[in-house]
Amino acid sequence: MQEPAYPDISFGNTAEFLKTLPFSKEAEQSVLGGLMLNNAAWMTIADLLTENDFYHREHQFIFRAIQTLAEEGHPCDPVTLSEWLENNNKLDAIGGNSYLGLLARNTPSAANIEAYAKIVREHSILRQLVRVGTEIMDSAFNTQGRTSTQLLDEAEKKVFEIAELGARGQGGFVKIKTVLSEALDQIERLSQQQGRITGIPTGFRDLDEMISGLQRSDFIVIAGRPSMGKCLASQAKIVDSTGQLSTIEEIYQRHDVELLTLTTNGQFQLTKPIAFVKDGIKPVFRLTTQLGRSVETTLNHPYLTLQGWKPLADLVVGEKIAVPWRINIFGTTTLIEGQIKLLATIVGNSRFSNFSLLQEILTQWVSKIKAIGLDNPYYLNPSIDWLLWFHRHGLSWLQQYSQKKLIPTVVFTLQRSQLALFLNYLFVHSGWLSQATAHLKAIGYTLSHEELARQVQHLLLRFGVIAAIKPHQHLWRLTVEQIDSLKIFLSEIGLLQPPVNFAATQSPVKEIYWDEIATLEFIGQKPVYDLTIAETHNFVANDICVHNTSLAMNIAENVALRNQLPVAVFSMEMSNEQLAMRLIASLAKINLQKVRTGKLSDDDWPKLTVALSQLQETSLFIDDTPALNPTELRARVRRLAREQGELGLVVIDYLQLMQIAGNKENRAVEVSEISRSLKALAKELNVPVIALSQLNRSLEQRPDKRPRMSDLRESGCLAGDSLVFRADTGQRVPIRELVGQQDFLVLGLNLQTMHLEAGKVSRVFGTGIKSVFALTTRLGRTIRATANHQFYTPEGWKRLDELKPGDYLAVPRYQLTQSDLYWDRIVSIQLQGEEEVFDLTIPILHNFVVNDIIAHNSIEQDSDLIIFIYRDEVYNNNSEHKGIAEVIIAKQRNGPIGNIQLKFFGEFTKFESFVSDNKMIGVEIL
């Protein structure tokens, strides 16, 4: 007889630890024997067992034969089984006719076959657990490059599959009487809906009419306008947790910073951005306040006013905006005292405005020190040892600062006491006092230029000292006049002779100062950048507070409340508390700002109580873990599905905040992998999955701001005359002539081997009319593409608007059959106007050879349904459609596309069906 299908597994190295996999030979024999005795018994156990549930290999073969014969309508007695096994060369493997006869003789009856089958399945599940446990253990010892998170996901999926195995056969027939009440409930629910709804109702009748409700296993993308309110000019300064001041461009390049944000309770705290965006070149406006603080942003950038966040376009001179009263950040750097004093002396003394003079004075100092002895104090008494060292080694380090008269970078990272010492010595040289009848009226400082004035203003803000700066006779004057700030200055920084009648006691420091707008002016086109801050959606730049979903959440609310189905919400941008407040405001129809501040009227409280009661009864589950990867998300959804029995909906807010563990060569590819994973999750759990998504920002450049499918892609597009090299024919064909074609071969770069190889194109398509730039290389190769199209460089994939003349990009060598690359240098990049552009998709490789240059391709969409939201009033102040949201069904795999209208209540963050004269309007089927 053959060995068992699953050999014994050894745990340990000695015989006493040997264990045999669980199985019941008698139960397996009884099942097979019972099926031979009574062929009708097959219908009893057909959905309980598969051939893999049998432990012995010969039993697997016999069950396969019985299954085949039964499904073909043939008898399953020993004779027919023997013939089938012999025809399939399995008769000897099962022990011959004698073993078939033994099975039939040793089984007295088929009456208990279902009980025997359950025993077989039970042991099968136990063996699967042993197998999976062994595989999990082996994978932990041999990871093969997989992360622990990936291994956990694989392990959970395997265990989940075993749980599904255990649930097999639990269904079956039920009497009609049991079903009638459920059917009546369903009929009543359907009767209340307009039209034919086959999926889960969204709660919006016109939307349900078009999409027939949310279909199980569908992956749905709901996309809205990009975050437009956070674009700052590239040189905006941001202080990080170390005290260092960096431009937003530098922060974008390093993709790592911990900075200040203003919380809903009016306090500043440190946070980390969850996204870093380069937003191209845009018109920029400069806002300057009465304190002289200044920041350059786009016109739609919001600022915090006494009436809430308002875009720059809505602000006027004289209006007050929020600025920090204190930036309580100090570094950990320590210098010797003489070093700090010398740096302050060099920055603050007007004699050192010329580096040659500085070098000459330091040389004179050193000579005089040597002449009179090192123990003799000289000139502000700096550390003599430090001065001698500085003369030998530090002049070149200081040269860059003396030329511009700026504060050295190291000063911004000093400890609190040392920073106070630096400011003290700075004011000794150029500071001044203003007194009135022996009372201190003001402390001031005259500086050589604007940037130095802003640096000193910022450093004083670290201590809670409010200072104003303004130009004065080709210089800059800094003044401290606010009474609490004067007290803090004297107590924390100090002067050589403070006024006798002034109490140098520190007052409590407030967090926000309401500064008045002094000027607003257009300053031209500049590169702008963006940071995304979760939860608070704001950060501090240039010492000013600047700012940086609701349809999907309304759908989630309706599914949970009206349909009484469990809903899972992953909120990667808002905290649980913020999301709960938004749900309460939406359901109760209370202004969201009133809910956030707790300033509710007597009429609001009853509505709040009802909303809370309704929400408490729902099965709505929220996970606010930031930057989840698909592996973690799938694991949590699976667990929730097992706990709840089923899920009605999964909502992810939002797609671009998800990440994939490990380094990815391209964000577009990463987003494609994420969407593919979410589609697989929807199919695996048979649940609709909605992912919110931000559109790319190209739509902001169009006169018509209505979103298009191309706005959802993170990859760029090519001019129609771009020549695509076809690897199957050897021809170079304009991309516009390939539209509609598929399954032809092109050359692409395999990033694992760094060789060119053939890849199959799945789709070629036009993406509309966009601005096009011409890129030319030193070899004379030219390609015309949109600003966001990506090319391969020594640092990886880069957008065209991130490249500049002198940069290198990958091109194939002149013989395209060769598999190596040549790094060609960019000579020029020039804007050429607007024209129709195109793109294509190559799965796996995600790049192709076009105009003899390696270019990235578009990413295939895995969604079944794509919904865009457009609100005209966002872009047009005089819009006739205020309070109306246009919902654009741009893609539906199994249904029509078209537009509908919904009412939008911004104060409640709530959408409602649009009804006029008791009739639905706004449905336009395309």
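What the table shows:
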quantity	calculated
Distance in nm between pseudo-label sites at Asp602 and Phe765 (7 Å out along the Cβ direction from Cα)	5.8 nm
Relative contact order of segment 715-856, defined on C-alpha pairs under 8 angstrom at six or more residues apart (%)	32 percent
Backbone HN-Hα couplings from phi across segment 637-646 [Karplus 6.51/-1.76/1.60, Hz, Gly and Pro as x]	5, 4, 4, 5, 4, 5, 5, 8, x, 7
Segments 641-652, 136-147 sorted - mean Cβ within 10 Å per residue, highest first	641-652, 136-147
Residue-by-residue Karplus 3J(HN,Hα) for segment 35-42, coefficients 6.51, -1.76, 1.60, Hz, glycine and proline x	5, 6, 6, 9, 4, 5, 5, 4
R0 of 35 Å, Cβ-Cβ distance Ser879-Trp514: FRET efficiency to nearest 0.05	0.65
Which listed pairs, of Lys594/Lys705; Lys320/Lys903; Lys526/Lys882; Lys441/Lys470; Lys237/Lys470; Lys798/Lys891, have C-alpha distances above 22 Å, in listed order	Lys594/Lys705; Lys320/Lys903; Lys526/Lys882; Lys798/Lys891
Net charge of neighbours whose Cβ lies under 13 Å from the Cβ of Val827, counting Lys and Arg as +1 and Asp and Glu as -1	+2
Where a label projected 7 Å from the Cα of Leu406 along Cα→Cβ would reach, residues of segment 235-256 with amide N under 15 Å	235-239, 244-251
Cα-projected label distance for Arg706 with Ser212, points at 7 Å along beta-carbon direction, nm	2.6 nm
Ordering of 27-38, 730-741, 76-87 by burial proxy (mean other Cβ atoms within 10 Å per residue, highest first)	27-38, 76-87, 730-741
Potential lengthening between Ser613 and Gln644 on full extension [0.36 nm per residue; Cα-Cα distance subtracted]	9.1 nm
Distance between modelled label sites at Tyr822 and Glu912, nm, 7 Å Cα→Cβ extension	6.7 nm
5 angstrom amide H check on Asp807, placed H, neighbours 5+ away	Ile826
Residues Leu21 and Asn142, FRET efficiency given R0 of 25 Å [Cβ-Cβ distance, rounded to 0.05]	0.70
Residue-wise HN-Hα coupling along segment 600-607, computed from phi with Karplus coefficients 6.51, -1.76, 1.60 (Hz; x: Gly, Pro)	9, 7, 5, 6, 6, 4, x, 5
Cβ crowding within 10 Å averaged over residues, with 291-303, 100-112, 758-770 ranked highest first	291-303, 758-770, 100-112
Backbone N within segment 461-493 under 20 Å of label point (7 Å from Gln267 Cα along the Cβ vector)	462-465
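Readers should treat all values here as calculations from the given coordinates under stated rules, not as data from a laboratory. Note that the coordinates shown come from a computational prediction; the quantities given were computed from them, not determined experimentally. FYI the Cβ positions are ideal-geometry reconstructions off the backbone, even for glycines, and counts take in every protein chain you see.
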